[in-house]
Amino acid sequence: MTALLQHPGYDEERLKGVAEKLPCREVQAGMLLSLMGQPHQYSYPSIFIYGHRASGKSHVMHVLMKELELSHATVSCVECVSIALLFEQVLLSFFGCDAASLLPRSPSLSDFVRVYRQQSSQSPAKQTRYIVMEKAELLRDTDASLLSALLRLQELVEDNVTVILLSEIAWDKFRPNTGCFEPLLLHFPDYSKSELQQILSQNVHPSYSAGFYSAYINILLGVFYSVCRDLRELRHLAALNFSKFCEPLAEGKVKETDTHKLWKHIEPHLKKAMQTVYLREVSSLQWEQMQQMEEEEAGALRGLSAHTHVELPYYSKFLLIAAYLASYNPARTDKRFFLKHHGKIRKTNFLKKNEKTSNHLLGPKPFPLDRLLAIFYSVVDSRVAPTASIFSQISSLVTLQLLAQVSHDDQLDAPKYKCAVSLDFICAIARTVNFDIVKYLYDFL
């Protein structure tokens with residue numbers, strides 16, 4: 001592994017330390033050192049490093065600069081909201097506070113070059129200086145001349161300085177239309193499953209063996225690898241769910257080698273956690289508290305359908321609510337529920353003999369599409385245009401068997417549907433959109 005980082009001009013012990021801190025990134029680190037060359041030699045003016053999020057770009061640069069003690073300035077394009085902050089941070093890192101104070105209030109590119117050349121002539125570089133630009137894709141939103149100038153900054157300031165751009169997009173999409181100096185390109189590929197296993201297994205919990213934690217990581221990757229390749233997100237999920245994985249072991253129910261029982265215990269918990277990947281809607285502590293509350297309420301929820309916890313798009317929920325109201329309310333009661341000026345209509349005034357029985361006991365009744373849409377536009381809390389997206393969501397509800405189409409497929413002008421969900425299900429869906437469906441049900445008047 002360390003052989004990949006052997007490079008003239010650098011101490012072998014330091015290169016060995018670098019290799020230990022960069023698991024599964026030794027090849028990329030070795031290629032980067034080859035592009036950078038020896039410290040006292042002139043390096044290439046600019047290097048463009050690209051790869052997906054959490055592929056190790058910033059980490060490799062940070063370790064190389066710190067362990068090899070290279071003169072560098074790390075600039076985050078997210079934090080530097082103006083060009084003045086960018087110039088000030090570079091001068092501050094290389095020449096100190098006095099140099100940064102020489103910049104005018106609103107410095108231009110020429111002001112930065114002038115101050116840099118002045119300071120570099122007073123304290124010439126003994127080795128290559130590196131400017132590392134993180135989230136460099138944000139430079140495309142600044143002045144077009146800034147990116148072109150940074151790529152050939154070595155020529156402008158007449159100093160041994162190299163600009164390294166770190167980006168999540170490829171150079172073909174990054175290159176400005178006006179043309180510019182072409183940097184050297186280095187791609188960081190995504191971590192493979194085996195590499196993620198190797199990296200995550202290094203964070204062994206001190207109370208458990210390395211083999212036990214490695215088995216846990218293997219289970220975690222088996223669930224999440226198909227939907228998430230982000231190392232930081234997987235590390236967060238591993239730390240968040242490990243205590244749940246260890247519960248049977250702490251209670252003495254299983255041994256460390258009984259992987260199958262541990263998997264059966266953690267599987268439903270990981271499936272719930274999969275719904276929150278990348279979202280960060282709640283903190284880790286709040287997530288754990290929510291899981292404890294769900295376990296305490298499991299007895300009350302056990303009788304409900306498993307589909308009660310299904311996730312649907314926002315408007316699909318209102319479409320399903322409208323379908324349920326259309327199936328279980330008589331059509332002539334729509335005026336009473338969905339018109340503001342409907343007058344006083346008492347239930348006893350229009351009860352018929354066959355309506356003395358609850359509509360929920362008789363089952364859902366078919367309804368036409370135009371009635372469904374009329375109720376939908378009445379209950380939804382915002383103006384919605386009748387677009388193709390709404391109609392496609394109705395088809396999706398039929399595919400999910402939440403709605404049933406009772407008319408023939410060739411009846412395109414007025415298709416009819418029936419709602420196929422239970423009262424408990426629709427109440428759970430209505431709660432997620434803060435809609436009190438009981439107020440709109442004829443049986444509960």
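How would you classify segment 194-270 from its alpha-carbon gyration tensor, with a ≥ b ≥ c the square roots of the eigenvalues: rounded for a/c under 1.5, else prolate if a/b is greater than b/c, otherwise oblate? Kindly include the intermediate steps, with their values, before the conclusion.
Details: a/c = 1.90, a/b = 1.45, b/c = 1.31.
Note, shape of segment 194-270 comes out prolate.
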Amide H partners (placed H, <5 Å) of residue 185, local residues excluded: 48
Efficiency of FRET between residue 123 and residue 168 - r from beta-carbon atoms, R0 56 angstrom, step 0.05: 0.95
Cα gyration tensor category, rounded, prolate or oblate, for segment 8-57 with a/c compared to 1.5: oblate
Summed residue charge, Cβ within 11 Å of residue 326's Cβ, Lys/Arg positive, Asp/Glu negative: +2
Residue 226 accessible area, 1.4 Å probe, all protein chains in place, Å² to nearest 10: 100
Separation of alpha-carbon centers, segment 190-268 and segment 85-137, rounded to whole Å: 46
Tensor-based shape of segment 100-225 (alpha-carbon gyration tensor, a/c under 1.5 rounded, otherwise prolate or oblate): prolate
Dipole moment magnitude, nearest 20 debye, segment 1-150 about Cα centre, only Lys, Arg, Asp, Glu C-beta charged: 140
Cα-Cα over 24 Å, subset of 365/439; 317/418; 173/193; 21/193: 173/193
Carbon/sulfur fraction of accessible area - segment 1-116, other protein chains in place, 1.4 Å, %: 52
Placed amide H near residue 161: partners under 5 Å, 5+ positions off or other chain: 129
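The values are calculated or read from the model by the stated rules, or taken from the named source; none is laboratory data. Note that this is a predicted model, so its numbers are computed, not measured. Positions of Cβ are backbone-derived with ideal geometry, glycine not excepted, and every protein chain shown enters the neighbour counts. The area values use the complete protein model at the heavy-atom level, side chains included, leaving out ligands, DNA and RNA. Shrake-Rupley method; radii C 1.70, N 1.55, O 1.52, S 1.80 Å.
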